[in-house]
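*Asks:* Here it is, the structure, as structure tokens.
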Amino acid sequence: MADDRPLIRYDAHGKVGVITIDRPEKRNAMTFAMLGEFIETVGRADADPDTVVLVITGVPGSFCAGTDLADLASVPGESRGLRGSADDRHAWWPIAEATKPTIGVIDGPAVGMGAEFSSQCDLRLAGTSARFGWNFVHRGLVPDTGAGTWLLPRLIGLQPALRLLYTGEIIDAAEALRLGYVLDVVPSDQLLPTAMALADEIAAGSPHSLNQIKSLVHQGLTAPVGEHMERHTESLAACFRSDDHREGVAAFLERRPAEFTGT
């Protein structure tokens with residue numbers, strides 16, 4: 001009997017949406033069909049009005065071991081990996097393009113495309129068995145989403161990033177922590193609970209503010225200060241006009257938890 005279980009799952013837990021890659025028999029290696037489903041699911045989760053934070057993870061012991069090379073071999077070389085034009089950012093950077101804060105929960109291998117997806121997350125927590133590797137040079141490729149060559153140097157610095165990209169070295173969770181690539185390393189059996197606690201803490205804030213902060217930070221990576229400050233003043237003015245700002249002030253004065261609506 002064919003296994004027709006979903007390989008990409010989305011579940012909402014209060015204000016936290018959890019996207020799980022579920023193909024443990026292949027260490028969550030991505031086929032082209034899975035990748036399309038993953039991109040669609042991230043977009044759908046980001047559009048879910050009931051969630052504030054997104055958690056990206058795999059089944060226990062696996063994050064994503066990269067592209068399924070058997071599936072890749074079935075596609076002509078000139079067509080491989082070309083899932084959109086350069087302007088189709090959601091197809092290349094589905095996680096980075098999400099407007100909500102994202103937390104990568106990484107245990108087991110995050111190699112190739114898996115490493116790229118981990119780079120696209122805003123925050124990364126690693127289990128003790130996590131391993132990261134941008135091994136594209138050993139496949140005659142460049143990092144396949146472009147995150148390794150753009151985001152990784154900004155996350156850990158130019159020389160450390162180039163060392164990983166040039167050598168394709170697989171690093172463990174301790175080295176990822178030393179490089180500042182992950183926020184923390186926790187025992188694997190505590191990884192998802194720790195991530196959910198962090199997600200709940202973030203989700204207690206204003207969704208409107210979180211969206212504005214993420215946008216300002218990401219656009220500010222390449223913007224001149226003057227351009228950044230123009231966006232900042234526009235964003236601050238929008239915050240002052242928002243329902244969330246009014247609710248945040250009222251909740252403080254009334255000494256109660258805020259009930260934000262994201263508007």
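*Asks:* Can you pull out every residue in segment 232-263 that is outside any helix (DSSP H, G or I) and acidic (D, E)? I'd like the intermediate steps shown before the answer.
*Replies:* Keep residues of segment 232-263 that are outside any helix (DSSP H, G or I), which gives 242, 254-263.
If the condition is that a residue be outside any helix (DSSP H, G or I) and acidic (D, E), then E254, E259 are the ones that fit.
*Asks:* So which residues in segment 40-60 are assigned to a helix (DSSP H, G or I) and either more than 16 Å from S118 (Cβ to Cβ) or modelled with pLDDT under 95 (or both), if there are any at all?
*Replies:* E40, T41, G43, R44, A45, D46, A47
*Asks:* Okay, moving on. Return the residue satisfying two criteria in turn: it lies in segment 99-141 and is of a type in the set (S, T, N, Q) and under 9 Å from the mean Cα position of the chain (by Cα), and of such residues it is surrounded by the fewest Cβ atoms within 10 Å (Cβ to Cβ).
*Replies:* To start, the set of residues in segment 99-141 that are of a type in the set (S, T, N, Q) comprises 99, 102, 118-120, 128-129, 135.
With the extra rule that they be under 9 Å from the mean Cα position of the chain (by Cα), the set shrinks to 102, 118-120.
On the way: T102: 25, S118: 27, S119: 28, Q120: 22.
It comes out as Q120.
So that you can scan it fast, the table gives a plain yes or no per residue for (1) in contact with a helix residue (DSSP H, G or I) (Cβ under 9 Å, 6 or more places away or on another chain); (2) of a type in the set (A, V, I, L, M); (3) more than 29 Å from T263 (Cα to Cα):
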residue	(1), (2), (3)
L192	no, yes, yes
A195	no, yes, no
S209	yes, no, no
Q219	yes, no, no
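*Asks:* Could you pull out the residue among H228, H218 that is surrounded by fewer than 17 Cβ atoms within 10 Å (Cβ to Cβ) and farther than 24 Å from V52 by Cα?
*Replies:* H228
*Asks:* Output the qualifying pairs, or none if there are none: Cβ atoms under 6 angstrom, residues six or more apart or on different chains, first residue in segment 214-238 and assigned by TED's automatic domain parsing to the domain that holds L54, second residue assigned to a helix (DSSP H, G or I) and surrounded by 12 or more Cβ atoms within 10 Å (Cβ to Cβ).
*Replies:* none
*Asks:* Further question on the same structure: When you scan segment 84-123, how many residues do you find that are in a strand (DSSP E or B) and closer than 17 Å to I39 by Cβ?
*Replies:* 2
The values are calculated or read from the model by the stated rules, or taken from the named source; none is laboratory data. Bear in mind that the values here come from a model prediction, so they are computed numbers and not experimental data. Backbone-built Cβ (ideal geometry, glycine too); neighbour counts: all protein chains shown.
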